[in-house]
Every structure is written in C-alpha cells, then in structure tokens.
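First comes the structure, then the notes that go with it.
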Amino acid sequence: MLTLILGGARSGKSALAERLAAESGREVLYVATAQALDGEMSERIAHHRSRRPPEWGLVEEPLALADTLLNHARDGRFVIVDCLTLWLSNLLAAESATRFGMERDALLRATATLSGDVCFVSNEVGLGITPLGELTRRFVDEAGRLHQSLALRCERVVFVAAGLPLTLKGTPP
C-alpha cells in the first residue's frame, strides 16, 4: 500500500508514519532525505533518530529517491520516506537545473511498481501566505504539484494537524 501523510511542521505526521510502521509487524526501513547542513538540522535529525527503534533500517538519500525505493521496497517491508519536501528542497538547490524534473518523474513512475508498504511524509506548505521570491514560490508550487500527483497514485492520503489524522482518501490509519 502507498500512503501519503501531509501536515504542517511538528503536526505529528512523522509520528503517525512511525506508528503505522511499528503496527505493521513488518521489517521497517526509514529513508531519510534530510542533510545535516547546519546545527539546527543536525538537532532535528537527532530527534527523529532517537524516536526510532534500533532494529529499523536506515538509508540516507537526499536526491535519488526513486532508485532508493526501487532497490529497497519489497513485500514484507514497510518503508517510511521522511520527508518529500526536504527532498524537493535538496533537488531545487542542486547544481543541475534539470535534475528535479528527472527525479520527480522517476519517483512518480516508480510508484506503479513498488512492492510492500511505502509511506511518504511531506509538509503541506500551501496553506499560508504566498511567499516572496521566485525560488520560494517555485518550491510551494512544486510541492503542491508533487502532492497532487502522489495523492492520485496512493491508496491512502492522510492530513495531520495537532497530532490528529484526517483521512482524505482510503482507509483510516
């Protein structure tokens, strides 16, 4: 099953994905897209690591998400991808102007062939003020388009606010 969990920062979306993984009874692999480029992000990464059971696998991949999923998603495994908006930021900041489009398209194609359970976690950023600046507007636009495209492909889509899940599509978690 493919699941997309959306919500604001610190809304409880990662905790929900981790709960679903723990309850699945399957082997769990955590695919982290964050990069510890500063002290604040290092602290966030450490916080996420501290919540995860030591037996869960970990793959850190900031860019090649489709390849990572194609190599690691399989029957009997629950994969958490946390988070898509960090992945998007990494790609938009990459030196290649075309890499984002290639990686996004590869991810969307890959969803049709993934085995096992894959749970995508992402920040819903389109609920606030329209950002100033070309790059931040592009980020919000691309995140919205990515979420819409993934939502079409996922069997379950959940929005989380204040730690409370609201099922938008499929069965409640």
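The values are calculated or read from the model by the stated rules, or taken from the named source; none is laboratory data. Keep in mind that what you see is a predicted model, and the values were worked out from it rather than measured. All Cβ positions, glycine included, derive from the backbone under ideal geometry; neighbour counts span all protein chains shown. Accessible surface areas use protein heavy atoms only, side chains included; no ligands, DNA or RNA. Shrake-Rupley method; radii C 1.70, N 1.55, O 1.52, S 1.80 Å.
A few remarks follow.
- Residues being surrounded by fewer than 16 Cβ atoms within 10 Å (Cβ to Cβ), at pLDDT 95 or above and not in a helix (DSSP H, G or I) - total across segment 1-19: 1
Matching residues to (1) touching a helix residue (DSSP H, G or I) at 6+ places or on another chain (Cβ under 9 Å); (2) over 19 Å from VAL28 (Cα atoms):
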residue: LEU58; (1), (2): yes, no
residue: PHE78; (1), (2): yes, no
residue: THR85; (1), (2): yes, yes
residue: GLU95; (1), (2): no, yes
residue: LEU107; (1), (2): yes, yes
residue: ASP117; (1), (2): yes, no
residue: THR167; (1), (2): no, yes
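- Checking SER149 against (1) closer than 20 Å to ALA34 by Cα; (2) at pLDDT 95 or above; (3) polar (S, T, N, Q), the condition it does not meet: (1)
- For segment 50-67, the set of residues classified as among the acidic types (Asp, Glu), open to solvent by 50 Å² or more (accessible area, probe 1.4 Å) and within 16 Å of the chain's Cα centre (by Cα) consists of GLU60, ASP67, listed by residue number.
- Tally of residues being open to solvent by less than 30 Å² (accessible area, probe 1.4 Å) and in a helix (DSSP H, G or I) across segment 68-78: 2
- Once segment 20-45 is narrowed to residues that are assigned to a helix (DSSP H, G or I) and in contact (Cβ under 8 Å) with a residue 12 or more places away in the chain, the residue that is farthest from PRO173 (Cα to Cα) is ILE45.
- Top-ranked residue of segment 109-164 - restricted to ones that are polar (S, T, N, Q) and outside any strand (DSSP E or B), ranked as least open to solvent (accessible area, probe 1.4 Å): THR111
- In segment 46-62, the residues that are over 13 Å from ASP82 (Cα atoms) and in a loop (DSSP other than H, G, I, E, B) form Cβ pairs under 8 Å with partners that are open to solvent by less than 80 Å² (accessible area, probe 1.4 Å) and of a type outside the set (Ser, Thr, Tyr), at six or more places apart or across chains, as follows: PRO53/ALA22; PRO53/VAL28; GLU55/VAL28; TRP56/ALA21; TRP56/VAL28; TRP56/LEU29.
- Subset of segment 80-100 (residues that are without any contact (Cβ under 8 Å) to a residue 24 or more places away in the chain and among the aliphatic types (A, V, I, L, M)): ALA93, ALA97
- Any hit, segment 79-91, residues being loosely packed, with under 14 Cβ neighbours inside 10 Å and in a helix (DSSP H, G or I): no
- Any hit, segment 76-91, residues being basic (Lys, Arg) and at positive phi: no
- First in segment 101-114 and closer than 10 Å to LEU65 by Cα and in contact (Cβ under 8 Å) with a residue 12 or more places away in the chain, second anywhere and part of a helix (DSSP H, G or I) and of a type outside the set (Asp, Glu), Cβ under 6 Å, 6 or more apart: GLU103/LEU91; ALA106/ALA66; LEU107/LEU65; LEU107/ALA66; ALA110/ALA66; ALA110/LEU69; ALA110/LEU70
- Any hit, segment 33-48, residues being closer than 21 Å to ARG153 by Cα and open to solvent by less than 50 Å² (accessible area, probe 1.4 Å): yes
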